[in-house]
Amino acid sequence: MLVLDIIVIVVSLVYVFAGWYTNENNAKHLFAGYREMSKSEREKYDIKAILKFFKPFIINLGILTMLAYFSISFLFDYITALFVWIGIETIALAYLVIKLNKFKVNK
């Protein structure tokens with residue numbers, strides 16, 4: 001199951017690097033919905049608060065899901081670990097989308 005291990009490691013590293021290197025200067029290029037907004041629409045969002053939440057969340061997501069996958073694959077089997085990993089990723093990313101929608105500044 002070396003292929004699954006490599007996939008989990010690569011995805012986790014992508015999350016960690018995305019969280020580590022995202023800042024105010026490149027956020028407008030990296031965040032898909034934010035990128036498409038006009039300048040006046042972007043001003044309705046508090047990008048500093050978004051980044052303050054996003055950066056640690058996405059870094060922890062990468063690290064903790066990788067640790068969960070390898071712990072479960074050690075305790076049970078790879079298929080169980082894969083399904084738990086996918087479930088955690090899905091729930092966490094859905095939570096991220098819901099949470100990020102609350103950073104709109106009322107103007």
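In segment 82-107, the residues that are part of a helix (DSSP H, G or I) form Cβ pairs under 8 Å with partners that are open to solvent by 40 Å² or more (accessible area, probe 1.4 Å) and of a type in the set (D, E, K, R), at six or more places apart or across chains, as follows: F103/D46.
Is it the case, given these coordinates, that E41 is touching a Leu at 6+ places or on another chain (Cβ under 7 Å) and free of Cβ contacts under 8 Å to residues at least 40 places away in the same chain? Considered against the rule, which asks whether it is touching a Leu at 6+ places or on another chain (Cβ under 7 Å) and free of Cβ contacts under 8 Å to residues at least 40 places away in the same chain, E41 comes out as no. Can I7 be described as within 13 Å of the chain's Cα centre (by Cα) and over 18 Å from N101 (Cα atoms)? It is false that I7 is within 13 Å of the chain's Cα centre (by Cα) and over 18 Å from N101 (Cα atoms). Looking across F57, F31, one residue alone is at pLDDT below 90 and either in contact with a helix residue (DSSP H, G or I) (Cβ under 6 Å, 6 or more places away or on another chain) or hydrophobic (A, V, I, L, M, F, W, C) (or both). It is F31. Scanning segment 82-99 for any residue that is β-branched (V, I, T), open to solvent by 90 Å² or more (accessible area, probe 1.4 Å) and under 28 Å from M1 (Cα atoms) turns up at least one such residue.
Candidates in segment 1-47 are the residues that are part of a helix (DSSP H, G or I) and acidic (D, E); of these, the one that is least open to solvent (accessible area, probe 1.4 Å) is D5.
The values are calculated or read from the model by the stated rules, or taken from the named source; none is laboratory data. From a predicted model like this one, the values you see are computed outputs, not experimental measurements. FYI the Cβ positions are ideal-geometry reconstructions off the backbone, even for glycines, and counts take in every protein chain you see. Just the protein is used for accessible areas: all its heavy atoms, side chains included, with ligands, DNA and RNA removed. Shrake-Rupley method; radii C 1.70, N 1.55, O 1.52, S 1.80 Å.
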